[in-house]
Amino acid sequence: MSKRAGEGDAASPKKPKLGDMNSPGKPPPVGSIAQLDPAATGTDAKKGQQKVAFITGITGQDGSYLAELLLEKDYQVHGIIRRSSGFNTARIEHIYGHDNLFLHYGDMCDSTCLQYLVSKYQPDEIYNLAAQSHVKVSFEMPEYTAQADGVGVLKLLEAVRAAGLEKKTKLYQASTSELYGKVQEIPQKETTPFYPRSPYAVAKLYGYWIIVNYRESYDFFATNGILFNHESPRRGATFVTQKIVRAACHIKMGKQKQLALGNLDAKRDWGHAKDYVRGMWMILQHHEARDWVLATGEQYSVRSFVEKCFNHPLINMPVEWKGEPGTAEEYGVLKSEPGRKLVVVDQRYFRPAEVESLLGDPTLANEVLGWKPEMSYDDLVNDMMVAEMDAVKEGRERFMQ
Ligand code: NAP
Ligand code: GDD
């Protein structure tokens, strides 16, 4: 594998220092992750009235779509990326050489880098998308999740205050429908009480309230987007939609035998991530800082998502369910070949405490912000299936976290 020029070679006078990703210079060639060099892309001098945005979590699903959107709107975009021993930039590879994109190493657990970057670039808008975002993983890494997803929000707010920017900078916090957990009302809206059911959701609860507290205490334009599940071809491979899409394509192409899942009866309000990042931007353009639910208002089960993917024209392998419903004894067979098990239930994928059902009411965002999802559930499934099938046919592996 080719070496990434500049990395690990801070002493070389010919190469940018590790961590200094903003040295002017020729953009690196784009086209393969292995060719990426965190050395930078142009000058960071602002053009006239150009807005400056700061995105944490830019290498994630939402961060990558949001970066595209803001670059289209001519923002100067600064993103923080984590140092990794592998490549974590696959989702932003296609915009890597953009003149208005600047990447910096950082971490939500490291307040010094957040303070340095916020005070240096004085962003007009901050989108805090960075998080350990996997609910099941949060049961295995509860302390880290609390630090990154909860206290990290405080570190960012304090970085803005330390720079004296709390009257200038607007901040979007990636809050979540997981806050509703064991739901107290159906559907869930901005006033529905929270009942978190995982270390992830409890950490996000801290993030939610510290945003509200700083808004009320310091007149800080700090907002929460309470977003219901949103997916896309860039979704990490261990989230249930991508796991199912990926398995359907691999099974069809003879590269995988079976799909093992946990709770088939969980229900989610699934939308397309592109619609949701547009909503994030709209939230920060609104004149008033407040908290908003973004959702589709439609709900489907994991079971029906499986059926939908295996029925997709690219797959055409309808599934029939057998065994005791709702138990680990249940399984799905190929309808036309009942001896062939396609889906099994594996206890390992059950969670210590489950969020059974989420359904959002996006009326406020619809009526006040004018936000509505443009992509339907069918569009979402189709977009994911086509992207994955193309990748499988080309022998490409995509986003594995
Ligand atoms: P994702 O794909 O998992 O991306 C998470 C991003 O956070 C990645 O860029 C990741 O970096 C980064 N990150 C993780 N830990 C970090 C740390 N300690 N310091 C700095 N960066 C860190 O998540 P997503 O689906 O885009 O979601 C974006 C945000 O919205 C998250 O906060 C999530 O909790 C929240 N949210 C998501 C949904 C949804 O359905 N997608 C719904 C509601 C709320 P690496 O690439 O290096 O891992
Ligand atoms: N991941 C996963 N893997 N989930 C499974 C599986 C499996 O094999 N089998 C069943 N499920 C169920 C989970 O138990 C859960 O009820 C549902 O499918 C959705 O799981 P995920 O796709 O992992 O998403 P999530 O709803 O737990 O969390 C996502 O959405 C939240 C917003 O509601 C993440 O993106 C969070 O970061 C986000 O806050």
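Please arrange THR89, THR327 by counting, for each residue, the other beta carbons lying within 10 Å of its beta carbon, fewest first.
Exposure proxy ranking, most exposed first: THR327, THR89.
Tell me the relative contact order for the chain as a rounded percent, counting alpha carbon contacts under 8 Å between residues six or more apart.
Here the relative contact order equals 14 percent.
Determine Rg/Rh for segment 207-309; Rg is computed over alpha-carbon atoms and Rh is the Kirkwood hydrodynamic estimate from the same atoms.
When Rh is taken as the Kirkwood radius, the ratio is 1.12.
For the chain, what proportion of DSSP beta bridges, expressed in % and rounded to the nearest 5, is antiparallel?
The antiparallel fraction comes to roughly 20 percent.
Rank these for me by crowding, LYS243, LYS274, going from fewest to most other beta carbons within 10 Å.
Fewest-to-most ranking of LYS243, LYS274: LYS243, LYS274.
Measure off 7 Å from each Cα along the Cα-to-Cβ vector at ARG396 and ARG83, then give the distance between these two points in nanometres to one decimal.
Taking the simple label geometry, ARG396 and ARG83 are separated by 3.0 nm.
Got a sec? How would THR241, THR59 order by Cβ neighbour count within 10 Å, fewest to most?
Sorted ascending by nearby Cβ count, the order is THR241, THR59.
How far, in degrees from 0 to 90, does helix 152-162 lean away from the longest principal axis of the Cα atoms of the chain, to the nearest 10?
Approximately 20 degrees, to the nearest 10.
In degrees between 0 and 90, to the nearest 10, how far off the longest principal axis of the chain does helix 199-218 point, with axes built from Cα atoms?
Compared with the principal axis, the helix lies near 40 degrees.
In deg cm²/dmol, rounded to 500, what helix-only [θ] at 222 nm does the chain give when every DSSP H run of at least 4 residues adds -39500 (n - 2.57) and the total is split over its residues?
Roughly -9000 deg cm²/dmol at 222 nm, from the helical runs in the chain.
Normalised by the residues of segment 269-401, what does the relative contact order come to in percent, with Cα pairs under 8 Å and at least six apart?
31 percent
Could you tell me the ratio Rg/Rh of the chain? Both radii from Cα atoms, Rh via Kirkwood.
Ratio of gyration radius to Kirkwood radius for the chain: 0.98.
How charged is the neighbourhood of SER301? Take every other residue with its Cβ under 14 Å from the Cβ of SER301, and add Lys/Arg as +1 and Asp/Glu as -1.
Local net charge: -3.
To the nearest 10 degrees, how steep is helix 273-285 against the longest Cα principal axis of the chain, on a 0 to 90 scale?
Around 40 degrees separate the two axes.
We did not get these values from a lab; they are worked out from the coordinates using the rules stated. Computed from a predicted structure; not experimentally measured. With ideal geometry, Cβ positions are generated from the backbone for all residues, glycine too; neighbour counts draw on all protein chains shown.
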